[in-house]
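Single-structure report; data block below.
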Amino acid sequence: MKLVRKDLEKDNAGQVTLIPEEPEDMWHTYNLLQVGDSLRASTIRKVQTESSTGSVGSNRIRTTLTLCVETIDFDSQACQLRVKGTNIQENEYVKMGAYHTIELEPNRQFTLAKKQWDSVVLERIEQACDPAWSADVAAVVMQEGLAHVCLVTPSMTLTRAKVEVNIPRKRKGNCSQHDRALERFYEQVVQAIQRHINFEVVKCVLVASPGFVREQFCDYMFQQAIKTDNKLLLENRSKFLQVHSSSGHKYALKEALCDPAVTSRLSDTKAAGEVKALDDFYKMLQHEPDRAFYGLKHVEKANEAMAIDTLLISDELFRHQDVATRARYVKLVDSVRENMGTVRIFSSLHVSGEQLGQLTGVAAILRFPVAELSDQEDESSSEED
């Protein structure tokens, strides 16, 4: 998705102009649209014309319309988005108040205006327009003295850092200069990985090189991580995958990505974090039910106690037609983040999102047990009896 323009007022009213570039961008747009929004886009309208002789014909004319959104229809198989509403701006072909359906098209811009842009919608625009957010895979392509740290998206590879260090040759009986330079090189690569790879988003880090460079580098990185108690690297150790490449240049990444071991691993990267979070929730529900809540009321109570460590919420809830209900979910997300909790917004198109939907669409893993809530449930049920 490409952001062309963003005009927001202090009260968060305003409009944004976007260009969808990939099929997935239609899904993002579907999640941005709400009934009552104003959508301006290019569309084709069938217009009846009358000639001087009185004969009536019809032509298909491309025009730009501004609609007040009434219904939104998304076809998940074809990734097509149709928006129906009434015309709210003067147009020579369409009367004010007349109904029209716009089918949003790839690579054709549209402008979306809202009375209130909330934090969840703004975050989705940021993610849709930042290629790094769709980069599930990172890669370090290296050889002695040269390394490229890259992010891999479905459509492109972004070089985030290039590390070059002059490594002297080994001399007979004296390898100290060579070893020191190599260590300095490895250290700079480790720093680049920590600076440019967002492990919350990236599910797999390929380390590709000719010879034994990748093994030596990984050994060095994790030995240093243990010495310095670097939790970031140690907790994500399982995400690193070593593969062969012919050199440390960026073009060698293509060979690494074609490796059958890599392709099978990468097929599972999408939504792997969500799957793990849901799995953790089910385990917690089984072993420590006082630390696993679901349902909006229960989760809100846990949030009031500042007990939420991870909030699991379906993006379907943010498409709620009732403004007050939607605002309630947004407030919950903002509050959990303010209390230093992690928020995972699940896509209802993924299996994990469907499973979460069966649990009311909102669940939470707690930092500590909130027994009072369970006691309240028991008291209320005994009163009902």
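Quick notes on this structure:
- His249 contributes about 70 Å² of solvent-accessible surface, heavy atoms of the protein only, 1.4 Å probe.
- Karplus-based coupling profile of the range 23-37, in residue order and whole Hz: x, 4, 5, 5, 5, 4, 4, 4, 7, 7, 6, 9, 4, x, 5, with θ = phi - 60° in 6.51 cos²θ - 1.76 cosθ + 1.60 and x standing for Gly or Pro.
- Under a 5 Å amide H cut-off, with hydrogens placed 1.01 Å from N, Ala161 pairs with Val149 among residues at least 5 apart or on other chains.
- Given 16 as the ceiling on other Cβ atoms within 10 Å, longest exposed-site-free region of the chain for GluC sites (Glu not before Pro) in DSSP loops: 201-385
- Cut-off under 5 Å, modelled amide H: who pairs with Lys2 long-range: Ile19, Glu21
- Helix-only [θ]222 nm of the chain, DSSP H runs n ≥ 4, -39500 (n - 2.57) each, per residue, nearest 500: -11000 deg cm²/dmol
- With respect to the chain, whose longest principal axis is taken over its alpha-carbon atoms, helix 371-384 is tilted by about 40°.
- Using alpha-carbon coordinates, inclination of helix 323-338 to the longest axis of the chain, degrees: 20
- Per-atom-type breakdown for the chain gives carbon and sulfur 47% of the accessible area (1.4 Å probe, protein chains only).
- Convex hull volume of the Cα atoms of the range 271-380, normalised per residue: 99 Å³.
- Gln116 sits among other residues whose Cβ lies under 11 Å from its own Cβ, and their net charge, with Lys and Arg +1 and Asp and Glu -1, is -1.
- Contact order, relative form, for the chain: 12 percent (alpha carbon pairs under 8 Å, 6 or more residues apart, mean separation divided by residue count).
- Counting all C-alpha pairs of the chain, share separated by more than 29 Å (%): 57
- Candidates Leu359, Val370, His100 compared by Cα position along the dipole of the chain: farthest toward the positive end lies His100, with charges placed on Cβ.
- Listed cross-link partners Lys162/Lys227; Lys231/Lys331; Lys203/Lys276 are compared with a 19 Å cut-off, the Cα-Cα value being larger for Lys162/Lys227; Lys231/Lys331.
- Couplings for the range 199-211, taken from phi via the Karplus curve 6.51 cos²θ - 1.76 cosθ + 1.60 with θ = phi - 60°, read 5, 6, 9, 6, 9, 8, 10, 7, 10, 10, 6, x, x Hz in order; Gly and Pro are left as x.
- Each of Gln143, Ser238, His287 was scored by the projection of its Cα onto the charge dipole of the chain, and the greatest displacement toward the positive side belongs to Gln143; charges sit on the C-beta of Lys, Arg, Asp and Glu.
- Projected label distance in nm at Ser58 and Asn107, using a 7 Å step from Cα toward the beta-carbon: 2.9
The values are calculated or read from the model by the stated rules, or taken from the named source; none is laboratory data. Nothing here was measured: the structure is a model prediction, and the numbers come from that model. Cβ: placed from backbone, ideal geometry, glycine included. Neighbour counts: every protein chain shown. The protein model used for the area step is the full one, side chains on, heavy atoms only, and it has no ligands, DNA or RNA in it. Shrake-Rupley method; radii C 1.70, N 1.55, O 1.52, S 1.80 Å.
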